[in-house]
Amino acid sequence: MRYIKLIFKVGFFLTLLSLLSIIVANSLVEKAAKEKVYDSVKEVPYNKVGLLLGTGKILSNGRINLYYRYRIDAAAKLYKNRKIEYVLVSGDNSTKDYDEPSTIKDDLIAKGIPAEKIYLDYAGFRTLDSVVRCKEIFGQQKITVVSQQFHNERAIYIATKKNINAIGFNAKDVNIKYGLKTRLRERLARVKMVVDLVFGKKPKFLGNKIEIK
C-alpha cells in the first residue's frame, strides 16, 4: 500500500511538473512574439529575406499538406508585394528521397518567384536549426519568418535568444479538426525548445557561409 501511495505521489508530481512546464514555455513564447507577428501583408514591415520554414508536401493519405500549401501562398504574397527580396527555404533533406527545400523551390517558382531569388537550406531539420543557420550560415540578422502563427511564435522566441531581429508573417492556418494533433505537439515542442536553449543545443550541421545577394 505504501508503494502504491508513493507511485501515485510521484505520478501526480510529474503530471503537475509537465503541466507547469507547458504553461511556462507557452507564456514565454507568446510574450516574446507579441506584436511581432502579422496577418496583413500591408502591415508587415519590409525585410530583405523571408525565412520559409519547410514541411512535407504530401500527407500519408496522399493528400496535399495544407500547412505546406498555405506557406507557399504566404511567401509568394510577401514577394509579390515587395515585402521581401529573397526567400530562404529551410527544410529537411535528411535522405536522398526526401528533399523539402527543392520541392518548395519548384512550387515557389510556379507561383512567380524567380529561381535566383530563392536560396535553399538543406539542413533545416528543426526550427532551431533553421533560425540559427539563417544567421550563422546565411548571414541574416533581420528576417521575416513565414509559417503558421504558432510556428512563427516559436521561431521568433528562438531568434530573440540568438540575437536575431525576427518578425513573422502568418500563413493561413487550418481548422481545429485538421490541426488538432499539430497543436498538441506544438505545446510539447515549446517545452523542448526552452530546454534546448537552456542547455545550448546546437544545429546538427553548420558549414560554409553562403552570401545572399
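Nothing in this text is a laboratory measurement; each read-out follows from the coordinates by a stated rule. This one's a predicted model, so the numbers in the text were calculated from it and none came from an experiment. Cβ coordinates were reconstructed from backbone atoms using ideal geometry, including for glycine residues, and neighbour counts include every protein chain displayed.
Comparing A74, S27, T55 along the charge dipole axis of the chain, the residue lying farthest to the positive side is S27, per the Cβ-charge model. Within the listed set K201, K77, K36, the residue fluctuating most in the Gaussian network model of the chain (springs between alpha-carbon atoms under 10 angstrom) is K201. With viscosity 1.002 mPa s and temperature 20 °C, the Kirkwood radius over alpha carbon pairs of segment 2-198 converts through Stokes-Einstein to a diffusion coefficient of 122 µm²/s.
The lysines whose alpha-carbon is closer than 22 Å to the alpha-carbon of K5, local same-chain residues fewer than 8 away aside, do not include any residue. Of all complete DSSP H helices in the chain, those with a Cα span along the helix axis of 24 Å or greater and a mean Kyte-Doolittle hydropathy of -0.5 or more are 2-33, 176-198.
Report summary: the helix-based calculation at 222 nm, which adds -39500 (n - 2.57) for every DSSP H run with n ≥ 4 and divides by the residues of the chain, gives -16500 deg cm²/dmol. Share of pairwise Cα-Cα distances greater than 21 Å in segment 96-209 is 44 percent (whole percent). Residue order for I22, I7, I104, fewest other beta carbons within 10 angstrom first, comes to I7, I22, I104.
Ranking of D106, D129 by neighbouring Cβ atoms within 10 Å, starting from the fewest: D106, D129. From least to most packed, judged by other beta carbons within 10 angstrom and beginning with the fewest, R126, R154 follow the order R126, R154. Just report the Cα centroid separation between segment 85-140 and segment 147-207, whole Å. If we compute the Cα centre of each part, the gap is 16 Å. Looking at the chain, what % of its DSSP beta bridges pair antiparallel, to the nearest 5? For the chain, the DSSP antiparallel bridge percentage is about 10. Within the straight-line cut-off of under 27 Å between alpha carbons, the lysines reachable from K80 are K34, K36, K42, K48, K57, K105, K111, K117, K135, K142, K172, K213, sequence neighbours fewer than 8 places apart in one chain being disregarded.
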